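Data first, discussion second: the structure below is written as structure tokens.
The values are calculated or read from the model by the stated rules, or taken from the named source; none is laboratory data. Computed from a prediction, not measured in an experiment: that's the story for all the values here. No Cβ is skipped: glycine too gets one built from the backbone with ideal geometry, and neighbour counts run over all protein chains shown.
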Amino acid sequence: MIRRISLKFLLGLLFIFVISFVVLSQTVQAFIRTNNQDLITAELTGLKNNSNVYVRQAFLINHYSSNELYFGEMAEELGNTLKHATGNSVGIYTVNGELLYASDKAVFQQREHNDLQEALSGKTAYSIQTHEPQTSVMFSYPVIIDGAKVGILRYFKDYSLLYQQSDRILDVTLYITLAIFTAAFLFSFILSRHITLPLGKLAHASSQVRNGNLDVRIRLRRKDEIGRLAENYNDMIDQIGRQISMISKDRDQLKELHQQEKRFFDNITHELKTPLTSILGYAELIKVNGERDPVFFEKGMNHIVEESRRLHTLVLKLLEVSRQVKNNGRLEAVDAGAVLRDVCESMDIKAQRYKKNLRIEIESDLWMMGQSDRMRQLFINLIDNAIKYSWPLSEIKVTGFHTDGNIRFVIGNPSEAISEEQLSNLFKPFYLAHAMNPEQGSVGLGLSIVKSIVDELEGSISVTSHNNRTLVTVEFGRMIAAEEADSQ
């Protein structure tokens, strides 16, 4: 099932809005909570400072030998004074945490004592108590007179109104935010539909074009990018239709041009072959009967003979390339390994003349369905190329073996590196990879002929160049067993 882009868009917007709403609500809650705590801390700090003023005045008016004893005796009077002065419930404790006075005993006896424990250790502390709908604070700190702790003051302060106001602010903020996000979501959804519906039409139209219907057009009355996209799409389909019409008209013309080119190629090669053959015979006759200036005459005649033979070979190769028709001769059982071994023995003389060595590693019984003469022509061209384009005094390795139910032949020789672009053009007629230093007599037809033979026999051929070593790999799948070959 194809997932519609509108559904993806809707789910994406919903996910973004939900995450944004949750993050915003948590942020607002954390901000209000921090703000309330800062406000409470500031008020309690002021309460402590004001209380210390009252306590110090009481100690200045009456001097006792023991401040701690006096603090206990004046606890009730001090507590009443602080209650009226601050408007909060007050509890007075000894340095050991014993309650001396409480303006509201129920409050100071039932509340938790975390803040009191902190005050007993010499710290100022408060704890927030929440019992819906009431929120209160227990605030405790040690009373220090002349550097000595004489007791503990503890306050109970009601902050229900502050937290109720904060909750109302939070609720209003969240409701407004929810309304804004809902409106934004609806607007985004409508906008996404406005965008995705035309895209759906474009997708449907493109599917029809893919199925061959070039008459489909998209009509959108829009002046934005999607409208221009629809117009461009229609123009593209019109252009494709015109191109197909032109291709149809030119197809027959191209076919005729191809036939004319082939006829011209055949005719020109035929015309070259006849006079070149006469030149070769005449040159050989002069070489045999010549008597004057033997050295010069010998040198000139050898040149004529070699050139004639080279041009004769060129004509033969041109004729081979010009066929371009698959050989429909009868296939027979051929021991390709034996053919390759025989070719190597024949070509070994040429390799020695070039001061190069052939190393042969060919398995036995490499039987396949093919044509012996075509296989021989294939191997001659490959080994001839390896000899001509390998480095001086190098070794050319020729291997043949069975692999994965196929027969593979690999001819490797050290040579100049061949680029990827050159490798892709090696099998084209007249192409020379080493054009800067071509071998005498080479016109770049050998590999083209090899490729045609491999295609005829339904094989595969590839050429690789790595670390200044060229490898030609030929593989055939028409393998037969040696027993079957013997029976034939």
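Out of the residues in segment 309-354 meeting the condition of being polar (S, T, N, Q) and either modelled with pLDDT of 60 or more or touching a Ser or Thr at 6+ places or on another chain (Cβ under 9 Å) (or both), tell me which one is nearest to Ile396 (Cα to Cα). Give the steps one after another, and end with the answer.
Filtering segment 309-354 for residues polar (S, T, N, Q) gives 313, 322, 324, 327-328, 346, 352.
Filter once more, so that each one left must be either modelled with pLDDT of 60 or more or touching a Ser or Thr at 6+ places or on another chain (Cβ under 9 Å) (or both): 313, 322, 324, 327, 346, 352.
Details: Thr313: 24, Ser322: 31, Gln324: 31, Asn327: 30, Ser346: 14, Gln352: 11 Å.
Here the residue is Gln352.
Quick check on Leu120: is it buried (at least 20 other Cβ atoms within 10 Å of the Cβ), over 16 Å from Ile40 (Cα atoms) and more than 60 Å from the chain's Cα centre (by Cα)? Walk me through how you get there before you give the answer.
Details: buried (at least 20 other Cβ atoms within 10 Å of the Cβ): no; over 16 Å from Ile40 (Cα atoms): yes; more than 60 Å from the chain's Cα centre (by Cα): yes.
Against the criterion (buried (at least 20 other Cβ atoms within 10 Å of the Cβ), over 16 Å from Ile40 (Cα atoms) and more than 60 Å from the chain's Cα centre (by Cα)), Leu120 does not qualify.
Taking the condition part of a loop (DSSP other than H, G, I, E, B), among the basic types (Lys, Arg) and at pLDDT below 90, does Lys451 pass? Let's see the steps before the verdict.
Details: part of a loop (DSSP other than H, G, I, E, B): no; among the basic types (Lys, Arg): yes; at pLDDT below 90: yes.
In short, no.
Consider segment 386-409. How many of its residues are under 16 Å from Ile453 (Cα atoms) and either touching a helix residue (DSSP H, G or I) at 6+ places or on another chain (Cβ under 9 Å) or aliphatic (A, V, I, L, M) (or both)?
Going residue by residue through segment 386-409, those that are under 16 Å from Ile453 (Cα atoms) are 407-409.
Then drop every residue that is not either touching a helix residue (DSSP H, G or I) at 6+ places or on another chain (Cβ under 9 Å) or aliphatic (A, V, I, L, M) (or both), which leaves 407, 409.
The total comes to 2.
Residue-wise test of (1) surrounded by 11 or more Cβ atoms within 10 Å (Cβ to Cβ); (2) at positive phi; (3) modelled with pLDDT of 70 or more.
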{"residue": "His204", "(1), (2), (3)": "yes, no, yes"}
{"residue": "Arg217", "(1), (2), (3)": "yes, no, yes"}
{"residue": "Arg228", "(1), (2), (3)": "yes, no, yes"}
{"residue": "Arg242", "(1), (2), (3)": "no, no, yes"}
{"residue": "Lys249", "(1), (2), (3)": "no, no, yes"}
{"residue": "Leu257", "(1), (2), (3)": "yes, no, no"}
{"residue": "Tyr282", "(1), (2), (3)": "yes, no, no"}
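For segment 206-233, which residues satisfy the criterion of being part of a helix (DSSP H, G or I) and touching a helix residue (DSSP H, G or I) at 6+ places or on another chain (Cβ under 9 Å)? Talk me through it step by step, then tell me what you get.
Of the residues in segment 206-233, the ones part of a helix (DSSP H, G or I) are 206-210, 225-233.
If the condition is that a residue be part of a helix (DSSP H, G or I) and touching a helix residue (DSSP H, G or I) at 6+ places or on another chain (Cβ under 9 Å), then Ser206, Val209, Ile226, Gly227, Leu229, Ala230, Tyr233 are the ones that fit.
Please go through segment 6-25 and pick out each residue that is surrounded by fewer than 16 Cβ atoms within 10 Å (Cβ to Cβ), small (Gly, Ala, Ser) and touching a residue at least 12 places away in the same chain (Cβ under 8 Å).
Listed by number, the residues that qualify are Ser20, Ser25.
State whether the residues of segment 373-383 include one that is assigned to a strand (DSSP E or B), touching a residue at least 12 places away in the same chain (Cβ under 8 Å) and surrounded by 14 or more Cβ atoms within 10 Å (Cβ to Cβ).
Pass one, segment 373-383, residues assigned to a strand (DSSP E or B): none.
No: segment 373-383 contains no residue that is assigned to a strand (DSSP E or B), touching a residue at least 12 places away in the same chain (Cβ under 8 Å) and surrounded by 14 or more Cβ atoms within 10 Å (Cβ to Cβ).
For segment 116-205, please list each of the strands (runs of 3 or more DSSP E) lying entirely inside it that holds at least 1 residues being free of Cβ contacts under 8 Å to residues at least 12 places away in the same chain and among the polar types (S, T, N, Q).
Working: elements: 125-131, 134-145, 148-158.
The strands (runs of 3 or more DSSP E) meeting that bar number zero.
Given the conditions (1) at negative phi; (2) surrounded by fewer than 17 Cβ atoms within 10 Å (Cβ to Cβ); (3) aliphatic (A, V, I, L, M), which single one is not true for Leu393?
Condition (1) is where Leu393 drops out.
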